[in-house]
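The structure appears right after this line, and notes come after that.
The values are calculated or read from the model by the stated rules, or taken from the named source; none is laboratory data. As the structure is a computational prediction, the values presented were derived from the model and not from experiment. With ideal geometry, Cβ positions are generated from the backbone for all residues, glycine too; neighbour counts draw on all protein chains shown. These area figures cover heavy atoms from the full protein model, side chains too; ligands, DNA and RNA do not enter into them. Shrake-Rupley method; radii C 1.70, N 1.55, O 1.52, S 1.80 Å.
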Amino acid sequence: MSVLVIADHDGKHVRDTTHKTVAAAARLGDVDILVAGKGVGDAAAQAAKIDGVKTVLVAESDDLGHGLAEALEALIVPLAAKYDAIVVPSTSQGKNFAPRIAAKLDVAPITDVIEVIDASTFVRPIYAGNALETVKTSDAKKVITIRPTAFKPAGEGGSAKIEKIDAGGGAKGAKFISEEIVKSDRPELGAAKIVVSGGRAMGSAEEFHKIIEPIADLLGGAVGASRAAVDAGYAPNDYQVGQTGKVVAPDLYIAIGISGAIQHLAGMKDSKVIVAINKDPDAPIFQVADYGLVADYKTAVPELMAALKQAGK
Amino acid sequence: MKVLVPVKRVIDSNVKARVKPDQSGVDLANVKMAMNPFCEIAVEEAVRLKEKGVVTEVVIVSIGPAQAAETIRTALAMGGDRGIHVQSDTDLQPLAIAKLLKAVADEEKPNFILMGKQAIDGDNNAVGQMLAALLGWPQATFASKVEISASSAKVTREVDGGLQTEEVALPAVITADLRLNEPRYASLPNIMKAKQKPIVAKPAADYGVDIAPRLTVLKVTEPPKRAGGIKVEDAAALVAKLKTEAGVI
């Protein structure tokens, strides 16, 4: 079976999500990678090093550089003729274009896969992760999105050949206008080993900034937020952890002032160690927390900062 | 301008789904059902566009069993003008839904389609994108802001890392994210008025599209449970546990 993985990258670097998607795709067969974008030479060179990759295809255009779904469709649908499966990381970008390709190929997409049983059988979460469904597809060709946190990344020791290909027909009917991407020195939320998240209890954007960010920085972690905190404007939308936001599985997840709504738990309950700080002893977050501290964050977080510093952090 | 708004009836978002003991699916008997939250946001946006005079007609469509008509009524009470109920007693998969919606769009010829980005039962986040592809229309998914002009829509989208704004030519499919708006509660007079609004029902089979399932659900299981944790006394105890027991700092 031959598989085409669509790389997730930021223009310069291939993201860790790509390595994880390659690991999942390698369970299906031989893997080629497509790096689509603009000025992606470095990213393509990195993709060529991922273990198990046979060929890196590179396609460049302005529309691809903006990741427009229509341009990716025009590029990938003709390429799909040569492959048995198209495998895409389940990022906001992947979720945007993968179903489009599936529909054009008349294939039922299998989204957010967390386990590959065999070449046509997969496990995926449904109902905010409160149930897992095992599905078998009857489609000869497969379009699959992979939840990266569920797979260990493929290593880097390969040297695949790099091949330039035509960029396809562009984004018919769609035009990029602008973007506001948050620049941060912190690790990316989806890939961070430690995540510190704040909830509605923060009460304001200033408080969120004052409480959550310093402790995340002390630990070298990423900052997350509950939907309630984002809805209230305390944190930007891309901080949201949950069913419809980001799904994270860090080594350590610290939830501060987060009650633990079903949809939030869906985004973090696969973390290795969960810490919850909440003044309500009955908050649902304590049911998934390995370590719970029933306390007002206003006193608990400064104490925690002090204790961490004393412990050499 | 006419806007078509597909809506889905799902388990209420505050209810925790429970897996059936025989692993055949999720138990929906006697469970509170409601309109999918993202669909509510799409309906709200369509109604606001009508209130602003941008849109003249809001057509609601839902695919499902008899109770799907209740969901259409809810959308009509929020301000939709009329409904289309595509009747199906079997649980259709996203590809089949997209094909049926395409057939409805071919008949209705809306200027654009506004729908939720994801249903909270299947969590696929796929139908809008597939519908756009089948229609050959551009798409603007995960919208947090929508501005409609005569021949295009300017849409701000929630993406990893921030926001992206793009312009799509109409007709197009736009899918709503959480922060597009806060849906209204239908008032009692509007609920009464909605009872008089027309809903046309038509069996899914009559649309003449292939709705056979491609995926077979072999089983539905409970996710592995996290072992219960402990409560710690104070911050110092927490740090000690993280350092020596968990080894994560």
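Here are the numbers for this structure:
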| read-out | value |
| --- | --- |
| Label zone at B:Val217, where the point sits 7 Å out along the Cα-to-Cβ direction: the range A:117-137 residues whose backbone N lies under 19 Å | A:117, A:121-137 |
| Shielded by partner chains, the range A:256-283 residues - at least 50 Å² of accessible area, 1.4 Å probe, vs chain alone | A:Ile262 |
| Sequence of A:Asp63, A:Asp118 from largest to smallest accessible area, 1.4 Å probe | A:Asp118, A:Asp63 |
| Three-way shape call for the range A:14-90 based on the alpha-carbon gyration tensor, with the a/c threshold at 1.5 | oblate |
| Ellipticity estimate at 222 nm from DSSP helix runs (n ≥ 4, -39,500 (n - 2.57)) divided over chain A, nearest 500 | -8000 deg cm²/dmol |
| Surface share of carbon and sulfur [accessible, 1.4 angstrom probe, percent] for the range B:2-212 | 51 percent |
| Phi-based couplings in Hz for the range B:30-41 (Karplus 6.51, -1.76, 1.60; Gly and Pro marked x) | 6, 9, 5, 10, 7, 6, 3, x, 5, 5, 4, 5 |
| Bridge type composition, the protein assembly as shown - antiparallel percent by DSSP, nearest 5 | 35 percent |
| Prolate/oblate/rounded label for the protein assembly as shown (Cα gyration tensor, a/c 1.5) | oblate |
| Nearest-10 value in Å² for the accessible area of B:Arg184, using the 1.4 Å probe | 80 Å² |
| Solvent-accessible heavy-atom area per residue, rounded to whole Å², over the range A:2-164 at 1.4 Å | 33 Å² |
| Rough spin-label spacing in nm, given labels placed 7 Å along Cα→Cβ, for A:Ile181 and B:Asn14 | 4.0 nm |
| Shielding by partners, peptide A:137-150 (average Cβ within 10 angstrom, other chains) | 1 |
| Residue among A:Asn237, A:Asn96, A:Asn130 with the largest mean-square fluctuation in a Gaussian network model of chain A, springs linking Cα atoms under 10 Å | A:Asn130 |
| Helical contribution to [θ] at 222 nm, DSSP H n ≥ 4, -39,500 (n - 2.57), averaged over chain B, rounded to 500 | -7500 deg cm²/dmol |
| Other-chain or far-sequence residues with amide H under 5 Å of B:Ile84's (modelled H) | B:Ile60, B:Val61, B:Ser62, B:Val200 |
| Overall form of the range A:181-313 per C-alpha gyration tensor (a/c, 1.5; a/b vs b/c) | rounded |
| Relative counts (whole %) of C-alpha pair distances in chain A, using bins that are 10 Å wide | 6, 26, 30, 23, 12, 3, 0 |
| Estimated vicinal HN-Hα couplings, Hz - the range A:305-311 in sequence order (Karplus 6.51, -1.76, 1.60; Gly, Pro = x) | 4, 5, 5, 5, 5, 5, 7 |
| The range B:84-126 and the range A:89-160: distance between their alpha carbon centers, rounded to Å | 21 Å |
| For the pair B and A, total buried accessible area rounded to nearest 100 Å², probe 1.4 Å | 6600 Å² |
| Of all DSSP beta bridges in the range B:47-196, antiparallel share, percent nearest 5 | 50 percent |
| Calculated FRET value between A:Asp30 and A:Lys193, using beta carbons and R₀ = 30 Å, to 0.05 | 0.45 |
| Residues A:Lys164 and A:Asp84, FRET efficiency given R0 of 25 Å [Cβ-Cβ distance, rounded to 0.05] | 0.60 |
| Integer Hz, Karplus 6.51/-1.76/1.60 couplings in order for the range A:165-172, x for Gly and Pro | 10, 5, 7, x, x, x, 8, 5 |
| With every protein chain in place, the range A:198-254: carbon and sulfur % of accessible area (1.4 Å) | 46 percent |
| Surface per residue (accessible, 1.4 Å probe) for the range B:2-212, Å² | 40 Å² |
| Solvent-accessible area of B:Arg18 with every protein chain in place, 1.4 Å probe, in Å² to the nearest 10 | 150 Å² |
| Estimated distance in nm for a label pair at A:Lys54 and A:Lys272, the labels positioned 7 Å out from Cα along Cα-to-Cβ | 3.5 nm |
